[in-house]
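Comments concern the structure below.
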Amino acid sequence: MRRALELLMNKLPSHSAALVSAPHHLRYLTGYPSGESWLLVTCEKAYFLTDSRYIEMAQRTVEGAECRCIVKLTDELGKLVRQHGITAVYVEETQTTAAERARLSAALPLAEGELDAWLSAMRLIKTEEELRKIEQAQALTEAGFEHILSYIREGVTEREVALELEFYIRRQGAQRMAFDTIVVSGANGSLPHGIPSDKPIHRGEFITMDFGAVVDGYHSDMTRTVALGTVNDEQRMVYDTVLRAQQASMAVLRAGLPCVEGDAAARRVIEAAGYGAFFGHGTGHGVGLEIHEAPRLSPHAGEALLEVGHVVTVEPGIYLPGNCGVRIENMVVITENGCRSLTNTPTDLLCL
Ligand code: ZN
Ligand code: ZN
């Protein structure tokens, strides 16, 4: 049985159960790599419930739970709940739609609870094995970046660059891309999450690429802004400011630091350079089984502190509408006295 499943079982109050269905949680608790299934965890035993399309995969991959091929979910759940004398079932409140909740509550004694918060807190600190998978995903991401540098030339479109990047990374062994690849150039660079378009890339433009791979369910996330040809003084100033902001944040990250401080260190540099109004998003986010997870390096992170084993991105940016944009993103793992970058690609401005 996986340690995470054991921890959840120990956490449950007696006569209660947890009902889990989010694919990343199924993977985290049992190793099951797909979706459309349910895991009922009681204090004594766990049951993995799926239908005929997935039962064989479940039997091959699920650790620590009895696999059952079911026809009607609520019938099976009702039976198990009665058999174990369960009086409260916790569900993942952010993953469960109102319609699903209504359907389940007709058959089960649903409880108001914190299942998402428990699981999210358990997933904050990465094990060595989890770190290895994130690093494998990051290695594929960086191989993709190396490859794309020789592909970018005057006239290729943002969409062509994104496709080439994705094809290369998938062919190298990524399970899938971590999210929709972002490739934006020139004036499109001011769209932090712009969609790659048919716009050709011209000399003198920045190209911002934000992308990542998935290996065994674990994500990577990297952004680099490169230039085609030479850039003007303003572009250089924007790039240098973002780079200094990123370095300032990475320099202060360590266990015990308030997450708001990780954000403030980068934000101060950007504000001091006069670009404060053009940096709208948080400085970073956790990465793991989800591409965006806790903790957040953000002005809104409240009291949250960094701990050894957290994995976060550090990705300040400056976006000048109708002009250009720059973002530089590394992933780091928090250590006792600092942080270790999981991203090895240099951050100096590359002019292709
Ligand atoms: Zn990113
Ligand atoms: Zn990110």
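The values are calculated or read from the model by the stated rules, or taken from the named source; none is laboratory data. Treat the numbers as computed from the prediction; the structure is a model and nothing was measured. Here Cβ is always computed from backbone atoms with ideal geometry, including for glycine, and neighbour counts include all displayed protein chains.
Taking segment 56-69 as the search range and keeping residues that are touching a residue at least 12 places away in the same chain (Cβ under 8 Å) and surrounded by fewer than 18 Cβ atoms within 10 Å (Cβ to Cβ), which one is nearest to C43 (Cα to Cα)? Steps first, answer last, please.
Within segment 56-69, the subset touching a residue at least 12 places away in the same chain (Cβ under 8 Å) is 57-58, 61-69.
Applying the additional criterion that residues be surrounded by fewer than 18 Cβ atoms within 10 Å (Cβ to Cβ) yields 57, 61, 63, 66, 68-69.
On the way: M57: 25, T61: 22, E63: 16, E66: 14, R68: 18, C69: 22 Å.
Per the criteria, the residue is E66.
Taking segment 125-134 only, how many residues are under 15 Å from the mean Cα position of the chain (by Cα) and surrounded by fewer than 19 Cβ atoms within 10 Å (Cβ to Cβ)? Explain how you work it out, then say what you get.
From segment 125-134, those under 15 Å from the mean Cα position of the chain (by Cα) are 125-126, 130-131, 133-134; that's our starting set.
Adding the requirement that they be surrounded by fewer than 19 Cβ atoms within 10 Å (Cβ to Cβ) leaves 125, 131.
So the answer is 2.
Answer yes or no as to whether P295 is in contact (Cβ under 8 Å) with a residue 24 or more places away in the chain and assigned to a loop (DSSP other than H, G, I, E, B).
Details: in contact (Cβ under 8 Å) with a residue 24 or more places away in the chain: yes; assigned to a loop (DSSP other than H, G, I, E, B): no.
Criteria not met by P295.
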* Asked: What is the residue count in segment 199-253 for residues that are within 16 Å of ligand 1 (Cβ to nearest atom) and among the small types (G, A, S)?
  -> 5
* To do: Check E36, E44 and return the single one that is touching a strand residue (DSSP E or B) at 6+ places or on another chain (Cβ under 8 Å), loosely packed, with under 15 Cβ neighbours inside 10 Å and among the acidic types (D, E).
  => E36
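Out of curiosity, is T181 assigned by TED's automatic domain parsing to the domain that holds R159, within 15 Å of ligand 1 (Cβ to nearest atom), buried (at least 16 other Cβ atoms within 10 Å of the Cβ) and of a type outside the set (D, E, K, R)?
Working: assigned by TED's automatic domain parsing to the domain that holds R159: yes; within 15 Å of ligand 1 (Cβ to nearest atom): yes; buried (at least 16 other Cβ atoms within 10 Å of the Cβ): yes; of a type outside the set (D, E, K, R): yes.
Judged against the criteria, T181 is a match.
Hey, among E135, E142, E129, which residue is without any contact (Cβ under 8 Å) to a residue 24 or more places away in the chain, part of a helix (DSSP H, G or I) and under 30 Å from R171 (Cα atoms)?
Details: E135 fails: without any contact (Cβ under 8 Å) to a residue 24 or more places away in the chain; E142 fails: without any contact (Cβ under 8 Å) to a residue 24 or more places away in the chain.
Only one candidate qualifies: E129.
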* Structure fact -> The residue that is surrounded by the most Cβ atoms within 10 Å (Cβ to Cβ), considering only those in segment 102-117 that are out of contact with any strand residue (DSSP E or B) (no Cβ under 7 Å at 6 or more places or on another chain) and more than 30 Å from T343 (Cβ to Cβ), is A107
* Odd one out for E100 among (1) part of a helix (DSSP H, G or I); (2) in contact (Cβ under 8 Å) with a residue 40 or more places away in the chain; (3) over 22 Å from the mean Cα position of the chain (by Cα) -> (2)
